[in-house]
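These notes concern the structure reproduced below.
The values are calculated or read from the model by the stated rules, or taken from the named source; none is laboratory data. The structure presented is a predicted model; accordingly, all values stated were derived computationally and were not measured. Here Cβ is always computed from backbone atoms with ideal geometry, including for glycine, and neighbour counts include all displayed protein chains.
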Amino acid sequence: MSLASLLKSRLVPAELAAQIDRIRKPIGSLGYDPWGYNNEAVKYGFSFTRQIYEKYFRVQADGVDNVPAEGPVLIIANHSGQLPLDGLLIGYALASRKDKPRMPRAMIERFFPTVPWLGNLLNEMGAVLGDPVNCAKMLENDEAVIVFPEGIRGSGKLYRDRYQLKRFGNGFMHLAMQYNATIVPVGVVGCEETIPAIANIKPLANVLGVPYVPVALPVIFPAKVHLNFGPPMHFDNTEIPEERVTERVEAVKAEISRLIDKGLSERKRLF
Amino acid sequence: MTTKRRPHILVTGAAGALAQQVINRLRKTCDLVAVDFREQVYLGDDIPSYCIDFNKRVFEDLFRRYEFDGVIHLGRILSSQLTRMRRYNANVLGTQKLLDLSQKYGIRRIIVLSTYHVYGAVAYNPALIDESAPLKSVGLSADLVDSVELENLANIYLWRYPELNITILRPCNIVGPGVRNSMSSLLGSERAPVLAGFSPMMQFIHIDDMADAIVLAWHKPTKGVFNVAPQDWVAYQHALKLCGCKRIPLPSIPPVVPKMISRVLNLRSFPPYLLGFFKYPVIIDGRAFANEFEFMPKRPLKEIFYYYKNNKKPV
């Protein structure tokens, strides 16, 4: 047995590998898709995420079956916690569900592809550059896509602004309407407390070319995370003015706000 | 009784492996004339072959003598060849001359071979780029300007003279036996440079499949611009591994470091202006061509890499 296969047998249990293989992806002959998703790499990522999902953040996911088993889906959630941990946890919740699991794709910041190793690693795990063309092509491929319409406004917000939803972009609604994609809203509670930041050093961020540089302790706190998946929402593709599109976006935002409140009321303690 | 006249076709870039594959596929049904600016190649007694610079006046004599019906322009000089100025003269001015003559002598079908390099390698590229995407490479490197200019020219003639029936093909990396481009040299070498921490997704098309694609395009005169790529993808470093190449990582940040290394060591198959393609993916969507011309590549990636693994230092 080679070292690689020995490591794989230790790190990736057979039942977990089987779980990934059950999820059919439109991949090429060498296991890749056009965005760099790699079936073999995902098995390692899945195994690692299981540990942090179950043991570190002790995630409680409710309503994950609200995500349809097939067809184009946009999973819309609030963004928080400086690092994209919320996307990772939502992705795992859906990929590990017992009945008809799906491997969703997360749209990531434009800054990540420029980071050596990390950019490729994220791509191999299914993350994709947050570009409307990418999202459109993936919906065309009947993928489930995780989108944070707040973008860095949400992930980079300070602890004092926790659980306050920032402005939502309208792009996801246009895509959902155009590709007849189901929207599943998700309220994430707990990620705000993983890396509480008290300030953002904007000049340093500009120099480094990164979205923000938070002033925070160099540790990720093991806050208990609640994920509440709301009922699916459908929007028709009629020609409507931008104001009406914004109204639809506000409806999704209100639903996420409701799901966050639900998670906060269910939460017994922070950790 | 009159017999039907066989189509007369001018094929440029005849010294290249791709042109020879195309010639072999068409020689039974068409009367071919081969030209190349680099060298005169012998392609059999039935095919006249010339070494001609398109910008010279004698080039027009070929149009007078052979009364061409179509032109298959594969003679684009690669960005790794010659100097920037000579490449501009040959690729841009030479192509303009070719298109002018085609218009003057009533050519009814032109196929122009371009490259996916015209899209440019930037971090913000989406995957599955389609034909209407902007051609960003012109803003990234002066060494790729001639490739974009060649396309712009062909596009202008495509709309100004619709009777020329111009089809522009933008293939992904063409590889396989006899191919002499930089990607083929890398896959065929014992050791190949990589940028540390970057392994972009890539697409490869076997030279035989590409020749099939050109022949399909010849038989169906649909005008326009088309990407040509199989529906299969692989990361660069994985491809090298499958070709049995030892990977030599070069420092990748800041970006000026690998450029300097490439320039100082004069790495011909890893030139400074192509480094972006070894850092960021440029994945094109070849479905429009596949649907329009009923094109289905027959050689899988594994077969391509198997060839390179067993033929180190190919021609």
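For first residues located in the range B:295-313 and away from chain A (no Cβ under 14 Å), partners that are surrounded by fewer than 15 Cβ atoms within 10 Å (Cβ to Cβ) and of a type in the set (D, E) and lie 6+ apart or on another chain with Cβ distances below 7 Å form the pairs B:K312/B:E190. Whether any residue in the range B:165-174 is within 14 Å of another protein chain (Cβ to nearest Cβ), on the phi < 0 side of the Ramachandran plot and touching a residue at least 40 places away in the same chain (Cβ under 8 Å) is what I want to check. Looking for residues that are within 14 Å of another protein chain (Cβ to nearest Cβ), on the phi < 0 side of the Ramachandran plot and touching a residue at least 40 places away in the same chain (Cβ under 8 Å), one finds at least one in the range B:165-174, hence yes. The set of residues in the range B:16-48 being at pLDDT below 90 and within 21 Å of B:R87 (Cβ to Cβ) consists of B:F37, B:R38, B:E39, B:Q40, B:V41. Scanning the range B:195-241 for residues being in contact with a Phe, Trp or Tyr (Cβ under 7 Å, 6 or more places away or on another chain), more than 10 Å from every other protein chain (Cβ to nearest Cβ) and part of a strand (DSSP E or B) gives a total of 3.
Selection over the range B:123-146 of residues that are more than 21 Å from B:K259 (Cα to Cα) and more than 14 Å from chain A (Cβ to nearest Cβ) gives a count of 1. Residues in the range A:107-127 that are outside any helix (DSSP H, G or I), facing chain B (nearest Cβ under 7 Å) and either touching a residue at least 60 places away in the same chain (Cβ under 8 Å) or in contact with a strand residue (DSSP E or B) (Cβ under 9 Å, 6 or more places away or on another chain) (or both): A:R110, A:P116.
Let's see how each residue does on (1) of a type in the set (V, I, T); (2) loosely packed, with under 12 Cβ neighbours inside 10 Å; (3) touching a residue at least 60 places away in the same chain (Cβ under 8 Å):
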position: A:V213; (1), (2), (3): yes, no, no
position: A:K224; (1), (2), (3): no, no, yes
position: A:N228; (1), (2), (3): no, no, yes
position: A:N237; (1), (2), (3): no, yes, yes
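Scanning the range B:57-70 for residues that are out of contact with any helix residue (DSSP H, G or I) (no Cβ under 9 Å at 6 or more places or on another chain) and either free of Cβ contacts under 8 Å to residues at least 24 places away in the same chain or among the aliphatic types (A, V, I, L, M) (or both) gives B:R57, B:V58, B:D61, B:R65. The residue that is nearest to the chain's Cα centre (by Cα), counting only those in the range A:22-39 that are more than 8 Å from every other protein chain (Cβ to nearest Cβ) and part of a loop (DSSP other than H, G, I, E, B), is A:Y37.
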